1. Hey, which lysines would be in cross-link range of Lys23, C-alpha to C-alpha under 18 Å, not counting anything within fewer than 8 residues on its own chain?
2. Any idea what the dipole of the chain comes to, in debye rounded to 20, about its Cα centre with Lys/Arg Cβ at +1 and Asp/Glu Cβ at -1?
3. From the mean inverse distance of alpha carbon pairs (Kirkwood) and the Cα radius of gyration, derive Rg over Rh for segment 16-68.
4. Over the chain, what relative contact order in percent results from Cα pairs under 8 Å that are six or more residues apart?
5. With a cut-off of at most 11 other beta carbons within 10 Å, and DSSP calling the residue loop, which chymotrypsin sites (Phe, Trp or Tyr not before Pro) in segment 1-90 qualify? Please list them.
6. Loop-only trypsin sites (Lys or Arg not before Pro) in segment 24-99, please: DSSP not H, G, I, E or B, and at most 14 other Cβ atoms within 10 Å.
7. What number comes out for the charge environment of Val48, summing +1 per Lys or Arg and -1 per Asp or Glu over other residues with Cβ under 15 Å away?
8. Would you rank His149, His134, His63 by solvent-accessible area, highest first, keeping every protein chain in place and using a 1.4 Å probe?
Amino acid sequence: MTNISIRRAYKIDAKDLSDVLTKSQWFTYKKLYSEDYIQRLIEQYYNVQRIEQEIVFISEEWHGYFIAEMNGRIVGAIGGGMNDETAGEVYVLYLDPTLLGQGIGTRLLDFFTKIQKHTYGATEQWVSVAKGNHYGIPFYESKGFIFHHEELAYDTIEEDQDISLKYRRGI
C-alpha cells in the first residue's frame, strides 16, 4: 500500500476535504437516492464553511475530522462523537472512491476508535449506514459491527426514503 498518514484536519484542509466528501457522496449514493436529495445533503453538510466550523469547534459530541493523506493529498476522512458517557459513534467515514479496498478506511477507523476509547472512554461504538449501501455495510460488518435496528436517517423525513441501519460493536 502507498504511504498513508492520518492526522487531525486543519481549517486550511476544508476545501480539499469538501471535495473528497462530495465525490464520495455521489459515488456511494447515486443509485440509492435522487440527484436532488444527494445535492441537498452535500450543500447542507459538506460545504466548505460548515467543514471549517466542524474542524475548529471540537467537543465530546463532535471530535472533529481526521483525514488520511497520500502524497500530500486528502484521500479520506472520518469524524464522530460521543452519544453518552460510554457510546461513541462514527458519523462520517468516506474515501476517495478510486482508492477503495486499499486499507485506508480500516486505518481511519482504527485510528478514530483509539481516540474514542482512550480519550473519551468509549466502550462501544455505533455507526449508521444507509440501507442499500453496498460499500459501507460489508466494511463495517467485517470490522465486528453487528446490526442493531433501522431508523430514519439523521435530519431526514419519511418522504426522503433515507433509512439508516444502526450497527454497534464493543471496543
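1. Of all the lysines, those that pass the test against Lys23 - Cα under 18 Å, at least 8 places apart if same chain - are Lys15, Lys31.
2. Details: 18 positive and 25 negative charges, 164 e Å.
The calculated dipole for the chain is roughly 780 debye.
3. Values: Rg = 12.1 Å, Rh = 11.9 Å.
Across segment 16-68, the Cα-based Rg/Rh ratio is 1.02.
4. Working: 291 pairs, mean separation 34.0, N = 171.
Normalised by residue count, the contact order of the chain is 20 percent.
5. Numbers: sites: Tyr10, Trp26, Phe27, Tyr29, Tyr33, Tyr37, Tyr45, Tyr46, Phe57, Trp62, Tyr65, Phe66; in loops: Tyr10, Tyr33, Tyr46, Phe57, Trp62.
Answer in residue order: Phe57.
6. On the way: sites: Lys30, Lys31, Arg40, Arg50, Arg73; in loops: Lys30, Lys31.
Passing sites in segment 24-99 are Lys30, Lys31.
7. Numbers: positive: Lys11, Lys15, Lys23, Arg50; negative: Asp13, Asp16, Asp19, Glu43, Glu52, Glu54.
Summing Lys and Arg as +1 and Asp and Glu as -1 gives -2.
8. Numbers: His149 60, His134 150, His63 0 Å².
Sorted descending by solvent-accessible area, the residues read His134, His149, His63.
The values are calculated or read from the model by the stated rules, or taken from the named source; none is laboratory data. Keep in mind it's a predicted model, so treat the numbers as computed, not measured. Positions of Cβ are generated from backbone atoms using ideal geometry, with glycine treated the same way; all protein chains shown enter the neighbour counts. Just so you know, the surface numbers come from the protein's heavy atoms only, side chains and all, with ligands and any DNA or RNA stripped out. Shrake-Rupley method; radii C 1.70, N 1.55, O 1.52, S 1.80 Å.
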